[in-house]
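All of the numbers you see were taken from the coordinates with simple rules; none came from a lab. Note that the coordinates shown come from a computational prediction; the quantities given were computed from them, not determined experimentally. All Cβ positions, even for glycine, are placed from backbone atoms using ideal geometry, and neighbour counts span all protein chains on display.
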Amino acid sequence: MRFGIVTFPGSNSDIDAYQTVVEGIGEDAVMLWHKGHDLAGADVLILPGGFAYGDYLRAGAIARFSPIMREVGAFADRGGRVLAICNGFQIACEAGLLPGALVRNAGLTFLGRSVRVRVENTGTAFTNAYAPGQVLRLPVAHGDGRFVADAAVIDELEGEGRVVMRYVDAAGEVTAEGNPNGSMHNIAGIISAAGNVLGLMPHPERAADALLGAPDGLRMFESLVARVTA
Amino acid sequence: MSRYRVSVHIVPRTGVLDPQGHAVADALHSLGFAQVRDVRVGRHVVVDADAESPEAAGTAVRAMCERLLANPVIEDFEIASIARP
């Protein structure tokens, strides 16, 4: 199984994603330059973290017009799985692959630390290796991670079980204290209506090696392998 | 065709929490500007463009806002002025 990892000018988590795929789960990975139009036969695409185009205008606003995004959109329309992490999530929202938007953290500061997120839906291609309600420790590294959407979109996401991950406190509860950036409904990750595009602000690819602490992110990659090769 | 300078204000939509605006409002209060009720911090974009008329320049920049310059999920925009540069 082959993961395609898109590198935009300003991506900085693309190599972490590559290493997680190749060394963490022993699958094939190929780097895809944003100016290309060839997805190199990838079975799953990753839009990685970083600061594509310096976050000019808005995070993700310019990257969505990168040449490869036309192929990424067509791939998603065909039902191809896309894992959009951090800046990738921002790009996916700007591109309309996911609803809502990610704006300046409520506390106005850049956050670079470990957070707790609870897996709210284990029926997805990205989360089937987790236990229902499992609380993960994952790092965040963002200045614009506050998820917002209008009330109708929030209702739809909640009603359809498309809030896949939520920030929680030390007790595993959804509280303001457990919400690092002020996201509506403590939303850390959502999935598309068709269930094939997942966006999340925390970095599973940076929590994929036991040497660096709990490898809670690795299961997301294992979930994809289990589903795609099934 | 003439050249026009179109200025656009882009601000966080009403109802979208604007922590920058709140922080600025707090700072203004601490400076003694007690009359401040609300502040929203946005962007000001100036586009120089060729167009047949000021109206056409405004229409074009409005389309640019809808496609790129503003994100309708979180931002409102208004054209502040259209003038000859």
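Estimated from helical segments only, the mean residue ellipticity of chain A at 222 nm is -5500 deg cm²/dmol, where each DSSP H run of four or more residues counts as -39500 (n - 2.57).
For chain A, relative contact order (Cα pairs under 8 Å, six or more residues apart, normalised by length) works out to 20 percent. Could you give log10 I(q)/I(0) at q = 0.13, 0.15, 0.26 Å⁻¹ for the range A:102-191, computed by the Debye formula over C-alpha point scatterers of equal weight, without solvent? The calculated log intensity ratios at q = 0.13, 0.15, 0.26 Å⁻¹ are -0.40, -0.53, -1.39. Think of the range A:2-228 as a dipole: +1 on every Lys or Arg Cβ, -1 on every Asp or Glu Cβ, centred on the Cα centre; then among A:Phe110, A:Leu200, A:Tyr167, A:Phe110 lies furthest on the positive end. Derived scalar couplings between HN and Hα for the range A:197-204 equal 10, 10, x, 8, 7, x, 9, x Hz in order, rounded to whole Hz, by the Karplus curve 6.51 cos²θ - 1.76 cosθ + 1.60 (θ = phi - 60°), x for Gly and Pro.
I need the per residue convex hull volume for the range A:1-103, using only the alpha carbons, in cubic angstrom as a whole number.
Values: hull volume 8.6 nm³, N = 103.
In the range A:1-103, the Cα convex hull volume per residue is 84 Å³.
Packing, taken as the mean count of other beta carbons within 10 Å per residue, orders the peptides A:89-100, A:60-71, A:137-148 from highest to lowest as A:89-100, A:137-148, A:60-71.
Here the simple spin-label model places points 7 Å from the Cα toward Cβ, and for B:Val41 and A:Thr122 these points are separated by 4.3 nm.
Sorting B:34-43, A:22-31, A:50-59 by their mean Cβ neighbour count within 10 Å, with the most densely packed peptide first, gives A:50-59, A:22-31, B:34-43. Note on the range B:2-79: with charges restricted to the Cβ of Lys and Arg (+1) and Asp and Glu (-1), its dipole about the Cα centre is near 120 debye.
What's the average, rounded to a whole number, of partner chain beta-carbon atoms within 10 Å of each residue's beta-carbon in B:70-77? Walk me through the numbers on the way to the answer.
Values: counts 3, 8, 1, 11, 11, 3, 0, 0.
For this peptide, the per-residue mean of nearby foreign Cβ atoms is 5.
Considering Cα pairs under 8 angstrom that are at least six residues apart, work out the relative contact order of the range A:147-230 and quote it in whole percent. All intermediate terms of the calculation are to be shown ahead of the outcome.
Details: 93 pairs, mean separation 16.5, N = 84.
After rounding, I find 20 percent.
Relative to the globular-protein estimate of 2.2 N^0.38 Å, the Cα radius of gyration of chain B stands at 1.34.
Find the Cα radius of gyration of the range A:60-121, compare it with 2.2 N^0.38 Å by division, and give the number to two decimals. Intermediate results must be reported in sequence, preceding the final value.
Values: Rg = 13.7 Å, N = 62, 2.2 N^0.38 = 10.6 Å.
In units of the 2.2 N^0.38 Å rule of thumb, it is 1.30.
In angstrom, the C-alpha Rg and Dmax of the protein assembly as shown are 20.7, 66.
At a threshold of 8 angstrom on Cα-Cα distance, excluding pairs fewer than six apart, so keeping six or more, what relative contact order does chain B reach in percent?
Working: 132 pairs, mean separation 43.9, N = 85.
It rounds to 52 percent for chain B.
Here the simple spin-label model places points 7 Å from the Cα toward Cβ, and for B:Leu68 and A:Ala226 these points are separated by 4.3 nm.
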